[in-house]
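Written out below as structure tokens is the structure these notes cover.
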């Protein structure tokens, strides 16, 4: 990813993307000819009402879905042209996902959850343990490593989710309403953490939110409505 | 190996459901073990039946005896290497429930006919020297605590002695073993001359003949020659290979193999549905989690493998436990007290059971695994 992004400073380039879902005989146009660029190292917030296409756009950028029209380049690579298998490998190497409901495996403790993406690498057990320790230290949860999700608070579970997202040291972090299920205090802590990851660790972050308080932490905010970009704020 | 914690965490997700499924698989494989042992006990003789041995019996029924004079005629038939005869005694030792086979034989002949019977040269010599001598199989000797030198009293309602008594006494002069596990070592064999002299009627007759042929490929032709020889006589014969004889003996209680296959087929089909339902439910419940795995980079094939591995782990664990338990119980011996002398769990059936447990896992898991493989990530994540 590094060669292309260093040439022009753009990490994500979405060009004329459209996405149509089929529900029975009905076609639902979620995104329509949307284009945007995200520079490397930016903290971007995507805002908009429900159904505006925020999560769909995030899924396209993260290679979880494919556009109906247009192209998605990340780090200079056309990810919409990759096969399912290539896309899975690409996600494992380059993207970390953070979900609103944390999406942890209930039967695995915190460190096992964080370790999951590393199972797809060739790291030894000791190597994986080292990476897990580092990731848990960054999110401040070293002392809760052996705890299962049900024994952790919402904020702590989201920290585990963040540790899992960063454990492979991806370039891009994609967050879908990361504070949507948390109270204000816990939400602020998560946002502090995301800001630190952006500023201190150079992670490019794209965060979907409908909370202005959360989007205020981002360097740039894009407003979506009915599948199109309606406005932009930059700090 | 590194995926084991993930696999284990999914299995213990619904502990009660996993436990109940495991128990149903365990019970099915225990049943498999018992049926395999019973089948072995009933038709095990087929496996060790010598290809070069023929059995000559009365054409009408096995229970009708044949003249002892037939032996000389049979021995002269081209292709016959040797012969022996046995006569069923059907006696009772202490209690009618203490069943074990007893036959009257000529020692040298029977030992030549059945080289799989292992008797030490000293004990063989003692048998030849002792007119009232008998040899017992290891299993029966152990069962009743017999030692060489013991007197074995056996009563019989079939063979009354010349003095009217039904009690026969034999001197135990030897204990024989089998050259392989499938050899029946429950029999008691005693000398025909002592028996024939002592019985009141049917003197000079024998139960059936065991014929050794020089060339097994000529067995059918020799059988025909023997039967032709005694055609139109008062005691016509029916000659057949030992395997067929053992099979017809077993078939008196039905086609064991078919019955066993029928029962096991029904049991395993039911278990397939139970295990398949468990895996399918498990996959349905964690659609979102499977979506997360795909999102973080697991390929479709890896997700398929994960679900299949869970199904196989459940099935193989249940299979190993079930087979192991049945093996332990079967190893304690014949539960009928002697009716099933070769009651044991054959190693080949144990391996077959393990193979079936793996196949059951694949069959139960393949549809849910394919379903999980085809999940679209974005759709799956919405169901979290």
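Some points to look at:
- Normalised contact order of segment B:60-235, rounded percent, pairs of Cα under 8 Å and 6 or more residues apart: 35
- Helix A:84-94 and the longest principal axis of the Cα set of chain A meet at an angle near 60°.
- Rounded tilt (10° steps) of A:154-166 against the dominant C-alpha axis of chain A: 80
- FRET efficiency for residue B:166 and residue B:197, using Cβ-Cβ distance with R0 set to 22 Å, rounded to 0.05: 0.85
- Mean separation of Cα contacts under 8 Å, 6 or more apart, over the residue count of segment B:196-318: relative contact order %: 12
- Label point at residue B:155 placed 7 Å out along Cα→Cβ; residues across segment B:96-135 whose backbone nitrogen lies under 15 Å: B:96-99
- Taken over segment B:93-250, the alpha-carbon convex hull comes to 143 cubic angstrom per residue.
- Principal-axis tilt of helix B:347-374 within chain B, Cα atoms, nearest 10 degrees: 20
- Computed over chain B, relative contact order equals 28 percent, with contacts defined as Cα pairs under 8 Å that lie 6+ residues apart.
- P(r), alpha carbons of chain B - 10 Å bins starting at zero, rounded %: 5, 19, 22, 17, 12, 10, 8, 5, 1, 0
- Principal axis dimensions, segment B:127-192 - Cα atoms, whole angstrom, descending: 41, 25, 21
- Ellipticity at 222 nm from helices only: DSSP H runs of n ≥ 4 in chain B, each -39500 (n - 2.57), divided by the residue count, give -17500 deg cm²/dmol.
- R0 of 41 Å, Cβ-Cβ distance residue A:85-residue B:261: FRET efficiency to nearest 0.05: 0.45
- Simple spin-label estimate for residue B:1 and residue A:185 in nanometres, 7 Å along Cα-Cβ: 4.5
- Cβ-derived FRET efficiency at R0 22 Å, residue A:93 paired with residue A:124, nearest 0.05: 0.75
- Within chain A, helix-based [θ] at 222 nm, where runs of 4 or more DSSP H residues each add -39,500 (n - 2.57), nearest 500: -10000 deg cm²/dmol
- Projected-area mean, the protein assembly as shown, by convex hull of Cα positions, square nanometres: 40.1
- Rough spin-label spacing in nm, given labels placed 7 Å along Cα→Cβ, for residue B:285 and residue B:332: 3.5
No value in this document is a laboratory result; all are computed from the given coordinates. Quick caveat: nothing in here was measured; it's all calculated off a predicted structure. A quick note on method: Cβ atoms are made from the backbone with ideal geometry, for glycine too, and the neighbour counts reach across all protein chains shown.
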